1. What tally of residues in the range 264-278 results from selecting those that are surrounded by 20 or more Cβ atoms within 10 Å (Cβ to Cβ) and within 19 Å of Gln113 (Cβ to Cβ)?
2. Of the conditions (1) of a type in the set (Asp, Glu); (2) more than 27 Å from the chain's Cα centre (by Cα); (3) surrounded by 14 or more Cβ atoms within 10 Å (Cβ to Cβ), Asp27 fails just one. Which one is it?
3. For Ile66, work out the one condition from (1) among the aliphatic types (A, V, I, L, M); (2) closer than 27 Å to Ala285 by Cα; (3) out of contact with any Pro (no Cβ under 7 Å at 6 or more places or on another chain) it doesn't fulfil.
4. For the range 52-165, please list each of the helices (runs of 4 or more DSSP H) lying entirely inside it that holds at least 1 residues being in the same structural domain as Thr255 (by TED's automatic domain parsing).
5. Can you tell me which residues in the range 123-138 are surrounded by fewer than 23 Cβ atoms within 10 Å (Cβ to Cβ) and of a type in the set (A, V, I, L, M, F, W, C)?
6. Hey, among Ala290, Ala285, which residue is in contact (Cβ under 8 Å) with a residue 12 or more places away in the chain and surrounded by 19 or more Cβ atoms within 10 Å (Cβ to Cβ)?
7. Conditions first: (1) in contact (Cβ under 8 Å) with a residue 12 or more places away in the chain; (2) within 22 Å of the chain's Cα centre (by Cα). Arg105 passes all but one, so which condition is the exception?
8. How about the range 42-73: which of its residues are surrounded by fewer than 17 Cβ atoms within 10 Å (Cβ to Cβ) and closer than 16 Å to Ser7 by Cβ?
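The values are calculated or read from the model by the stated rules, or taken from the named source; none is laboratory data. All of these numbers come straight from a predicted model, not from anything done at the bench. So basically every Cβ, Gly included, is an ideal-geometry build from the backbone, and we count neighbours across all protein chains shown.
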Amino acid sequence: MSYHIVSIDAPNCSLSCRDGQLACRTDEEEKKLPLEDVASIIITSFSVSIHSHLFLEAAKQGVALIICEAFKPVSLVLPANRSTDTLLTRAVLNLEPRVREALWRRTVDAKCQNQALLAGHISAADPAAESLRRVAQGRQDHKEAICAKLFWNVFGRALGQESFRREPGSEGGINALLNYGYAVLLSTVLQKLFAVGLDPTWGLSHVARERATPLAYDLMEQFRPCVDWRVWQWTRRKPNPEDWQVTKEFRGWVTGFALERVEHLDFTLEIRGVIEGVIRSFRRAVMENAVRPYRPWNSKPGQWPPKKSGGPGPL
């Protein structure tokens with residue numbers, strides 16, 4: 001399949017196809033890219049017009065259009081010959097249990113490593129941070145749960161919240177900020193899964209439920225610390241707990257995590273680019289029924305916290 005996954009997030013833009021070129025026009029400029037080089041187009045702009053000719057040409061080139069609302073995919077427009085990827089579906093169904101387990105173990109190892117480095121950055125003197133580092137490097141049972149408990153202990157104490165508990169269903173305070181950030185992360189992962197043709201309803205560890213997307217829940221785990229770091233920064237800017245509410249200002253702030261830059265496979269990339277790379281490597285692992293191609297994101301000492309993006313914006 002073609003390489004580029006194009007994100008359209010410019011407000012008040014129009015998309016069309018002329019002479020084989022995908023064209024995105026705004027009031028300021030027009031950008032073009034050969035449609036034959038595009039794998040998928042992710043549309044997150046809240047106000048975009050799409051020329052009917054683009055739908056036709058995208059279908060001819062095998063390009064998927066993922067249309068989002070509040071960053072979450074709500075419509076998937078596929079060419080007829082991509083509506084069912086027989087080879088990929090067969091690879092998913094035939095994935096060996098040992099490979100599935102190893103892929104999940106790699107994902108958990110990456111998550112725990114990233115949590116340990118973040119905990120060490122925000123509160124290196126906390127004894128739980130050192131315990132977390134040791135557990136993250138080990139192979140013990142229930143590793144993910146142990147690391148999560150230690151991480152939230154460090155996180156809460158660093159905020160002066162000794163009794164803090166991570167509660168996904170909470171509607172206020174730090175938990176509400178985290179919940180919103182994770183929802184944005186989930187939407188980003190879903191965008192990339194659809195873009196490479198992976199069905200998010202099949203997963204590694206999370207239980208499949210009605211309207212659930214367990215594969216997205218699985219692969220987002222390693223990136224949760226990116227949201228945690230963004231929320232942590234917000235609390236430093238707004239130290240009064242009364243300000244820890246999901247306001248318009250916070251929503252604009254937390255969505256910026258995807259534009260921060262981190263190290264991955266000897267490259268410095270925006271987090272959204274790393275997510276895409278990880279998902280592409282996961283797809284390859286599924287197709288090859290092997291663990292080795294899967295390259296989850298493991299932050300490294302000295303490479304945390306993320307850097308602000310200085311690169312060009314998306315098309």
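1. 5
2. (3)
3. All conditions are met except number (3).
4. 86-93, 97-122, 127-137, 143-158
5. Of everything in the range 123-138, those that are surrounded by fewer than 23 Cβ atoms within 10 Å (Cβ to Cβ) and of a type in the set (A, V, I, L, M, F, W, C) turn out to be Ala124, Ala125, Ala128, Val135.
6. Exactly one residue qualifies, and that residue is Ala285.
7. Of (1) in contact (Cβ under 8 Å) with a residue 12 or more places away in the chain; (2) within 22 Å of the chain's Cα centre (by Cα), only one is false for Arg105: (1).
8. Across the range 42-73, the qualifying residues are Phe46, Ser47, Glu69, Ala70, Lys72.
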